[in-house]
Amino acid sequence: MKIESLEELTGNSGGEKRVHIFNAGPAALPLSVLREVQEHFLNFHGSGMSITEISHRSTLFEEVINDAIDRMRRLLKLSDDHHVLFIQGGASLQFCMIPLNLALPGRPVTYLNTGVWSTKAMKEARIQGKDVRVIPTSEDTDFSCLPTDFRVDEQSSYLHFTSNNTIQGTQWHQFPDGKGVPLISDMSSDFMSRPIDVRPFGLIYAGAQKNLGPSGVAVVIIREDMLKRVPDALPTMLKYTTYRDNKSLFNTPPTFAIYIIGLVLRWLEETIGGLREMEKINRQKASLIYEVIDRSEIYQGAAELNSRSMMNVTFRLPDQRLEQRFLAEAGRNGFEGLRGHRSVGGCRASLYNAVTADSVRNLVAFMREFEEKL
Ligand SMILES: Cc1ncc(COP(=O)(O)O)c(C=O)c1O
């Protein structure tokens with residue numbers, strides 16, 4: 001397949017050279033959102049200032065942050081029991097804040113170890129000297145599948161798991177049952193990609209840079225009862241209660257990132273039509289690529305069938321030389337971000353919400369043609 005004009009291919013106009021973005025994060029954002037940001041960048045709502053120049057204490061910014069929170073509440077059907085917080089430091093700071101704030105004295109914390117990110121989360125709890133119980137999964141097969149049967153100590157302060165393993169390409173299709181122990185989930189790479197029942201979750205967190213907006217902020221959804229655990233003696237900026245009490249405005253928040261999150265959530269609510277619709281689209285996109293993999297003699301899926309992710313499709317080619325050739329040709333043809341994470345190698349197509357079905361269809365055509373040419 002020869003791509004003559006990327007503008008034509010991606011449906012862009014106005015001479016922008018855009019490629020098909022399959023990055024794992026920071027990742028694709030809806031083009032309509034980027035256009036809106038561009039259009040209003042110099043003069044936000046008639047203020048004569050850019051969104052990056054207005055005060056975080058202004059009524060204008062208050063409207064921006066409140067609108068983003070309201071939209072998230074509606075999309076996830078949150079009751080008053082849950083708070084939506086914006087915290088800097090990405091998902092990685094949450095690895096540290098969770099045990100600091102939510103481990104109960106004298107009680108263990110339990111982690112399902114399903115890959116690189118959950119391993120990092122556990123490490124932070126260990127650094128703090130917590131009694132960390134690890135439920136091992138499939139480390140012997142490079143974390144290619146998720147467990148179906150395990151036991152959680154009912155004394156645990158919480159059960160932590162990663163809902164979508166960005167690097168390995170596995171995803172929980174049915175969440176683990178904590179049997180009364182509050183669930184805590186790192187949903188960085190599948191947050192807002194499907195409807196969820198938030199009730200069993202004491203806390204959900206996600207770095208914004210995959211499905212929500214630019215990097216620089218994590219969204220935290222925390223249940224009221226969990227906030228009672230927060231020890232008084234923690235540094236102010238590391239306490240969840242600081243963000244709850246000050247509506248995420250204790251200090252200067254990442255205003256630009258929050259503004260874009262609000263626009264992405266509006267796109268999700270009004271253009272896509274909500275999380276159920278989003279999930280349908282995401283399923284269709286993922287199945288297009290998995291179909292190619294399953295019928296192919298050269299592409300081999302890295303994750304086991306039942307654990308396959310809708311968000312990050314990981315695959316390998318028979319040898320590294322062919323993988324390099326595939327990646328180089330993909331790059332020349334306008335497909336960006338298909339290299340697997342540096343810790344595992346191989347290939348990965350990240351199909352977050354804003355990746356269009358059109359981009360996926362083009363990738364599928366490219367993959368087929370690459371195989372046929374061999
Ligand atoms: C599942 C998951 N958790 C955590 C992180 C780390 O996020 P951050 O860079 O925002 O700290 C990532 C980043 O890719 C991720 O995919």
Go over the candidates LYS120, LYS130 one by one and state the one that is touching a residue at least 12 places away in the same chain (Cβ under 8 Å) and assigned to a helix (DSSP H, G or I).
-> LYS120
Condition check for CYS145: surrounded by fewer than 19 Cβ atoms within 10 Å (Cβ to Cβ), within 16 Å of the ligand (Cβ to nearest atom) and not in a strand (DSSP E or B) = no
Looking at ALA365, ALA330, ALA357, which is the one that is farther than 27 Å from THR114 by Cβ and touching a Lys or Arg at 6+ places or on another chain (Cβ under 8 Å)?
-> ALA357
Report yes if SER296 is under 17 Å from SER359 (Cβ atoms), over 17 Å from the mean Cα position of the chain (by Cα) and among the polar types (S, T, N, Q), otherwise no.
-> no
Restrict the check to the stretch 222-240 and report whether at least one residue is within 16 Å of the ligand (Cβ to nearest atom) and of a type in the set (Phe, Trp, Tyr).
-> no
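In the stretch 341-355, what count of residues is obtained for those that are in contact (Cβ under 8 Å) with a residue 60 or more places away in the chain and either touching a Cys at 6+ places or on another chain (Cβ under 6 Å) or not aliphatic (A, V, I, L, M) (or both)? Write out each step before concluding.
Initially, the stretch 341-355 is screened for residues in contact (Cβ under 8 Å) with a residue 60 or more places away in the chain, giving 341, 343-344, 348-355.
From the residues that got through so far, the ones that are either touching a Cys at 6+ places or on another chain (Cβ under 6 Å) or not aliphatic (A, V, I, L, M) (or both) too are 341, 343, 348, 350, 352-353.
Here the count works out to 6.
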Residues being surrounded by fewer than 19 Cβ atoms within 10 Å (Cβ to Cβ), more than 15 Å from the ligand (Cβ to nearest atom) and of a type in the set (Val, Ile, Thr) - total across the stretch 103-131 = 1
Within the stretch 16-37, can one find any residue that is away from the ligand (no atom under 16 Å from the Cβ), small (Gly, Ala, Ser), under 18 Å from the mean Cα position of the chain (by Cα) and buried (at least 19 other Cβ atoms within 10 Å of the Cβ)?
-> no
May I ask you to verify whether ASP67 is over 20 Å from PHE256 (Cα atoms), surrounded by fewer than 19 Cβ atoms within 10 Å (Cβ to Cβ) and more than 16 Å from the ligand (Cβ to nearest atom)?
-> no
Can you find a residue in the stretch 95-106 that is at pLDDT 95 or above, under 24 Å from ARG283 (Cβ atoms) and assigned to a loop (DSSP other than H, G, I, E, B)?
-> no
Residue ID - surrounded by the most Cβ atoms within 10 Å (Cβ to Cβ), chosen from residues in the stretch 295-316 that are in a helix (DSSP H, G or I) and touching a Leu at 6+ places or on another chain (Cβ under 9 Å) | SER307
Residue list for the stretch 160-197, filter: more than 10 Å from the ligand (Cβ to nearest atom), closer than 27 Å to ASN282 by Cα and among the aliphatic types (A, V, I, L, M) = LEU183, ILE184, MET192, ILE196
Those residues of the stretch 281-305 which are farther than 19 Å from PHE22 by Cα and out of contact with any Cys (no Cβ under 7 Å at 6 or more places or on another chain) amount to ASP294, ARG295, SER296, GLU297, ILE298, LEU305
Scan the stretch 219-249 for residues that are crowded, with 19+ Cβ neighbours inside 10 Å and under 19 Å from ASN66 (Cβ atoms) and jot them down.
-> VAL219, VAL220, ILE221, ILE222, TYR243, SER248
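The values are calculated or read from the model by the stated rules, or taken from the named source; none is laboratory data. On a predicted model such as this, the values are computed, not experimentally measured, just so you know. Positions of Cβ are generated from backbone atoms using ideal geometry, with glycine treated the same way; all protein chains shown enter the neighbour counts.
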